[in-house]
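J.: One structure, pasted below without further comment.
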Amino acid sequence: IRARLINLHTIKPLDTELVLKAARETGRIVTVEEGYTAGGMGGCVAELLAAEHPVRIKMIGVDDRFAEPGPYEEVLALHGLQSGQIAETVVEFLKT
């Protein structure tokens, strides 16, 4: 897999030029965040892409549900946010 990593350190203002450039050049976008995708970075990126340059997108993060408390690594695993889980999700996404 050849991947490009973009660190979007802020949602507002979103670096729209960088996201759109990556979408044009790669044809697919995956967002990963340790927070809710709805209303978070994934949602903002999806809104931008829907309006400006539609491509397939996979948002990895916390679904729209209450987060369970617990040890950090266990909570990450519960939401599919451990590195191996993220890699597996991306590989599956790229197959479609």
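The values are calculated or read from the model by the stated rules, or taken from the named source; none is laboratory data. Model, not experiment: these values are computed from the prediction. Don't worry about glycine lacking a Cβ; one is built from the backbone with ideal geometry, like all the others, and counts go over all protein chains shown.
J.: Restricting to the range 1-54, count the residues that are not polar (S, T, N, Q) and not in a loop (DSSP other than H, G, I, E, B).
T.: Final tally of qualifying residues: 29.
J.: Moving on. Within the set of pairs 6 or more residues apart or between chains, which connect a residue that is within 19 Å of PHE93 (Cα to Cα) inside the range 7-28 to a residue that is part of a helix (DSSP H, G or I) with Cβ atoms less than 7 Å apart?
T.: Taking only residues 6 or more apart or on different chains, the pairs are VAL19/VAL45; VAL19/LEU48; ALA23/LEU49.
J.: Are there any pairs, at least 6 apart or on different chains, whose C-beta atoms fall under 9 Å, with the first in the range 55-78 and part of a loop (DSSP other than H, G, I, E, B) and the second among the charged types (D, E, K, R) and surrounded by 14 or more Cβ atoms within 10 Å (Cβ to Cβ), and if so, which?
T.: Here the result reads VAL55/ARG28, each pair linking the range 55-78 to a residue that is among the charged types (D, E, K, R) and surrounded by 14 or more Cβ atoms within 10 Å (Cβ to Cβ).
J.: Here is a follow-up. Please pick out the residue among THR96, THR31 that is among the β-branched types (Val, Ile, Thr) and modelled with pLDDT under 95.
T.: THR96
J.: Scan the range 56-84 for residues that are closer than 27 Å to ASP15 by Cα, in contact with a strand residue (DSSP E or B) (Cβ under 9 Å, 6 or more places away or on another chain) and surrounded by fewer than 15 Cβ atoms within 10 Å (Cβ to Cβ) and jot them down.
T.: ARG56, ASP63, ASP64
J.: Being part of a loop (DSSP other than H, G, I, E, B) and under 13 Å from the mean Cα position of the chain (by Cα) is the filter here; which residues of the range 80-95 pass it?
T.: Within the range 80-95, GLY80, LEU81 qualify.
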